[in-house]
Amino acid sequence: MRVHVLGSAAGGGFPQWNCNCPNCAAYRQGSPYHLARTQSSITVSADDSNWVLFNASPEILQQIRSFPALQPARQLRDTAIRAIFLMDAQIDHTTGLYMLREHRQPLELWCHALVRDDLVRGNPVLKVLEHYCGIHWHSVPLDQRNFCIDGAPGLLFTALPLLSNAPPYSPHRDQPQPGDNVGVTITDAASGKQLFYAPGLGTMEPHVWAAMQAADCVLVDGTLWTDDEMIALGASQKTSRSMGHLPQSGPGGMLEWLNRLPTTTRKVLIHINNTNPILDATSPQRQELTRRGIEVAFDGMEITL
């Protein structure tokens, strides 16, 4: 199984267009220790020919151009993206669907019914696409049974509900329901190797922890370093947890959980906010991650399992 990170930043990307936090300012001043990042998305394949796209970020066209495997050019109009899997209905994970409207047939879209409802009513992306290529919707089951995706041979998928937060336009905002946000275990059917992917994870529940322990690699929420990061910078009045993201540091933070995983587990943080000090490769926080054997995802990162 091959995993390619198309985008590794949280909403807004890095640098964020209107932000002058220490990270964004350092990047614009030419710092060699800060890498630009697009908004989070990955793509996965078992055969290097058929790919499942996880989330469709606003920079999807740039991301496709940066990864030629997604455009094999076998005919006049072509793509190697066989299906799109949405983890949630957030703007930074769905706006790219507009950019895929030239598809010759309906897009094969996998998401939970609550996500589909938000994208029909609250932010009607799917309604708009009815006037273009259309959507062939598949409901993502949350009973933790394996399922296959047509056109993606050699891969098995298992989805599970996460306690995070729905978008501001969702009727479930601040009242999360199972299906608003999901995590997914992707299994290579031939080798049995597993990736657990959860770019938005607000609470560590027993079934989530079990999935992480079983995985060979975890690619998980790295949005903010501290719970009050945005408040301390004056960028927001919201904590990390209130936005649906488990902070990395502090009691019960992501680092504590990652430390408890087997030493053989590859640990990677993704969906990194522009304010997070781990974006500075020389920061004490980044050095702490390195000491703990935790990686920071970057655009173009390759993971092979």
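The values are calculated or read from the model by the stated rules, or taken from the named source; none is laboratory data. Worth saying up front: this structure is predicted, and the values here are computed from it rather than measured. Neighbour counts run over all protein chains shown; Cβ positions are idealised from the backbone, glycine included.
Summary table below
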{"read-out": "Meets criteria (surrounded by fewer than 16 Cβ atoms within 10 Å (Cβ to Cβ), assigned to a helix (DSSP H, G or I) and among the aromatic types (Phe, Trp, Tyr)) for Trp209", "value": "yes"}
{"read-out": "Scope the stretch 220-260; condition of a type in the set (Gly, Ala, Ser), over 21 Å from the mean Cα position of the chain (by Cα) and within 18 Å of Pro277 (Cβ to Cβ); matching residues", "value": "Ala232, Gly234, Ala235, Ser236, Gly250"}
{"read-out": "Arg82 being under 20 Å from Ile149 (Cα atoms), assigned to a helix (DSSP H, G or I) and touching a residue at least 12 places away in the same chain (Cβ under 8 Å)", "value": "no"}
{"read-out": "Selection status of Ala113, touching a residue at least 60 places away in the same chain (Cβ under 8 Å) and either surrounded by fewer than 17 Cβ atoms within 10 Å (Cβ to Cβ) or under 17 Å from Trp51 (Cα atoms) (or both)", "value": "yes"}
{"read-out": "Among the candidates Ala89, Ala36, Ala80, residue that is under 23 Å from His138 (Cα atoms) and either within 18 Å of the chain's Cα centre (by Cα) or among the acidic types (Asp, Glu) (or both)", "value": "Ala89"}
{"read-out": "Whichever residue in the stretch 78-110 is within 17 Å of His271 (Cβ to Cβ) and of a type in the set (S, T, N, Q) and, among such residues, is surrounded by the most Cβ atoms within 10 Å (Cβ to Cβ)", "value": "Gln90"}
{"read-out": "Residue, surrounded by the fewest Cβ atoms within 10 Å (Cβ to Cβ), within the stretch 234-286, restricted to residues that are touching a Cys at 6+ places or on another chain (Cβ under 6 Å) and not β-branched (Val, Ile, Thr)", "value": "Arg266"}
{"read-out": "Leading residue by the ranking (nearest to Thr187 (Cα to Cα)) among those in the stretch 287-305 that are within 15 Å of the chain's Cα centre (by Cα) and either surrounded by 18 or more Cβ atoms within 10 Å (Cβ to Cβ) or among the hydrophobic types (A, V, I, L, M, F, W, C) (or both)", "value": "Ile303"}
{"read-out": "Selection status of Gln75, loosely packed, with under 15 Cβ neighbours inside 10 Å, over 19 Å from Tyr197 (Cβ atoms) and modelled with pLDDT under 95", "value": "yes"}
{"read-out": "Wholly enclosed strands (runs of 3 or more DSSP E) of the stretch 242-305 bearing at least 1 residues of a type in the set (Ser, Thr, Tyr) and in contact (Cβ under 8 Å) with a residue 60 or more places away in the chain", "value": "302-304"}
{"read-out": "Condition met for Asn165 (buried (at least 22 other Cβ atoms within 10 Å of the Cβ), of a type outside the set (Phe, Trp, Tyr), modelled with pLDDT under 90 and under 16 Å from the mean Cα position of the chain (by Cα))", "value": "yes"}
{"read-out": "Total residues in the stretch 121-136, condition surrounded by fewer than 17 Cβ atoms within 10 Å (Cβ to Cβ), at negative phi and of a type outside the set (Lys, Arg)", "value": "7"}
